[in-house]
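The values are calculated or read from the model by the stated rules, or taken from the named source; none is laboratory data. Keep in mind it's a predicted model, so treat the numbers as computed, not measured. Methodologically, a virtual Cβ is constructed for each residue, glycine included, from the backbone with ideal geometry; neighbour enumeration extends over all protein chains shown. Surface areas here come from the heavy atoms of the whole protein model, side chains and all, with no ligands, DNA or RNA. Shrake-Rupley method; radii C 1.70, N 1.55, O 1.52, S 1.80 Å.
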Amino acid sequence: MADVLAQAHGVDANAARVAGMLHDLARLYTPERLVAECEARNMTIDAFERANPIVLHARLGAELARDEFGVRDEAVLSAIAKHTLGAAEMSRLDCVVYLADGLEPGRSFLERESIVDLATRDLKGAMHATLGSTVVYLARQGKTVAPQTAAAARAFGVDPEEV
């Protein structure tokens with residue numbers, strides 16, 4: 001999906017492909033390993049990440065892409081790092097990878113198909129819809145919205161407090 005979205009929005013398809021292939025390098029690490037690997041790299045871990053270490057796989061994955069695969073393109077590394085929680089500032093490549101991950105065929109939620117269609121036409125609109133859907137889902141589950149996700153939601157016109 002990253003290729004399709006990259007092409008639709010004038011994003012470097014090769015960069016999207018590399019970020020897409022490497023974004024989950026640390027996804028299967030245990031919570032303990034995620035924290036230990038981040039600490040070993042002197043990465044700051046905020047309170048949300050410490051309470052939900054699985055989200056560290058994104059930022060750690062960017063470090064692994066650099067260290068283990070020689071990725072030097074900062075745009076690709078940013079897309080890998082932001083693919084799970086998002087951020088207040090996101091490039092088009094960041095958005096493409098975030099959406100490709102969140103809308104992959106293995107995901108099943110009511111709005112998925114309509115947001116996939118939207119994502120091919122309107123990148124910002126799809127970010128708004130996806131972040132809105134995420135905030136609603138987390139609220140219904142009684143889960144906390146990560147500060148990074150809340151910042152991304154606000155940046156794309158979703159007020160996490162009003163959901």
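For residue 53, the criteria (1) of a type outside the set (A, V, I, L, M); (2) over 19 Å from residue 97 (Cα atoms); (3) open to solvent by 30 Å² or more (accessible area, probe 1.4 Å) hold in every case but one, which is (3). Condition check: open to solvent by 80 Å² or more (accessible area, probe 1.4 Å) and at negative phi. Does residue 62 satisfy that? No: the conditions fail for residue 62. No other residue among 142, 86 is part of a loop (DSSP other than H, G, I, E, B) and open to solvent by less than 10 Å² (accessible area, probe 1.4 Å) apart from 86.
Residue-level check: of (1) at pLDDT below 95; (2) of a type outside the set (A, V, I, L, M, F, W, C); (3) under 16 Å from residue 17 (Cα atoms), residue 111 misses just (3). Only residues that are open to solvent by less than 70 Å² (accessible area, probe 1.4 Å), part of a helix (DSSP H, G or I) and not β-branched (Val, Ile, Thr) were counted across region 98-133, and they come to 16.
Residues in region 5-43 that are within 12 Å of residue 93 (Cα to Cα) and surrounded by fewer than 18 Cβ atoms within 10 Å (Cβ to Cβ): 7, 8, 10, 12, 13, 14, 17. Going residue by residue through region 147-162, is there one that turns out to be open to solvent by 20 Å² or more (accessible area, probe 1.4 Å), touching a Pro at 6+ places or on another chain (Cβ under 6 Å) and at pLDDT 95 or above? Looking for residues that are open to solvent by 20 Å² or more (accessible area, probe 1.4 Å), touching a Pro at 6+ places or on another chain (Cβ under 6 Å) and at pLDDT 95 or above, one finds none in region 147-162, hence no. Against the conditions (1) free of Cβ contacts under 8 Å to residues at least 24 places away in the same chain; (2) of a type in the set (A, V, I, L, M, F, W, C); (3) part of a helix (DSSP H, G or I), residue 151 satisfies every one except (1). Taking (1) over 12 Å from the mean Cα position of the chain (by Cα); (2) surrounded by fewer than 22 Cβ atoms within 10 Å (Cβ to Cβ); (3) not in a loop (DSSP other than H, G, I, E, B) in turn, residue 78 satisfies each apart from (1).
Filtering region 66-75 to residues that are of a type in the set (D, E, K, R) and either within 18 Å of residue 17 (Cβ to Cβ) or not in a helix (DSSP H, G or I) (or both) leaves 66, 68, 72, 73, 74. The set of residues in region 1-36 that are at pLDDT below 95, hydrophobic (A, V, I, L, M, F, W, C) and assigned to a helix (DSSP H, G or I) comprises 2, 4.
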